[in-house]
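Bear in mind that the values in this text are calculations on the coordinates, not laboratory data. None of the values given here were measured: they were computed from a predicted structure. Cβ atoms come from the backbone with ideal geometry, glycine included; neighbour counts cover every protein chain shown.
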Amino acid sequence: MALLLEDRLAITELIALHGHLADEGELDRMAEVFTPDVEYDLTDFGQGTVTGLAELVDASLALGAGNPVAHHVTNVVIEELAEGGARVRSKGLGIKADGSCGSVTYVDTVVRVGASWRIGHRRVSARRVPLNGARGTARPATTNPQTTDN
């Protein structure tokens, strides 16, 4: 069954809700965003994979002041999966208390839970190098069509 517009809107709001709840310290409401057995992959940050809501909340509390004071999410792209769920890619910006900013890519697998959607798996990857480190040959300089040969 194809994702309806209502599903896409609900999924987009789900992705946004995480930042609001985290920033407000409403960790007791994370069940509104994640499945009880969520796998939250922080391998790119050297923290492995956190499994389950309780462990996710504990990990957030343990990080304490290391948490961003503001989570912003953008560039949400939703791809329907054959098994009925969806893969969601989005970009995240985290603002720290000292004003520094970091960028991540979220890759989520969302599933239906009753009439709602929840994130069952999230992988967070830090954006550290431009173009994801891709290297290519430089394009040749273009010639200026305004030059004259007189």
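Along the charge dipole of segment 1-85, Cβ charges K/R +1 and D/E -1, which of 17, 66, 48 sits furthest on the positive end?
66
Place a +1 charge on the Cβ of each Lys and Arg in segment 67-111 and a -1 charge on the Cβ of each Asp and Glu, then give the dipole magnitude about the Cα centre in debye, rounded to the nearest 20. Walk me through the numbers before you get to the answer.
On the way: 4 positive and 5 negative charges, 39 e Å.
Roughly 180 debye for segment 67-111.
How high is the relative contact order of the chain, in percent, counting Cα pairs under 8 Å that sit 6 or more residues apart? If you can, show how the numbers build up before the last one.
Numbers: 228 pairs, mean separation 31.8, N = 150.
That works out to 21 percent.
Among 130, 68, 36, determine the one that fluctuates most according to a GNM of the chain built with springs between C-alpha atoms less than 10 Å apart.
Residue with maximal mean-square fluctuation among 130, 68, 36: 130.
Please build a GNM for the chain, connecting alpha carbons under 10 Å apart, and tell me which residue among 24, 55, 80 fluctuates the most.
Fluctuation is largest for 24.
Sort 125, 103 so that the residue with the fewest other Cβ atoms within 10 Å of its own Cβ comes first and the one with the most comes last.
103, 125
With the dipole of the chain worked out from charges on the C-beta (+1 for Lys and Arg, -1 for Asp and Glu) around the Cα centre, which of 88, 31, 102 lies farthest toward the positive end?
102
On a 0 to 90° scale, report how tilted helix 5-23 is relative to the longest principal axis of the chain, with both axes built from alpha carbons and the result rounded to the nearest 10.
Helix 5-23 sits roughly 80 degrees off the main axis of the chain.
Which percent, to the nearest 5, of DSSP beta bridges fully inside the chain are antiparallel? Write down the numbers at each step before the final one.
Details: 32 of 36 bridges.
Bridges in the chain that DSSP calls antiparallel: roughly 90 percent.
Using a simple charge model, +1 on the beta-carbon of Lys and Arg, -1 on the beta-carbon of Asp and Glu, nothing else, what dipole does segment 5-130 show about its Cα centre, in debye to the nearest 20?
Numbers: 12 positive and 19 negative charges, 99 e Å.
Computed about the Cα centre, the dipole is about 480 debye.
Cut-off is 10 Å between beta-carbons; in what order do 111, 33, 69, 129 appear when sorted fewest neighbours first? Display every interim value, and only then the final one.
Details: 111 16, 33 24, 69 13, 129 8.
Ordered by Cβ neighbours within 10 Å, fewest first: 129, 69, 111, 33.
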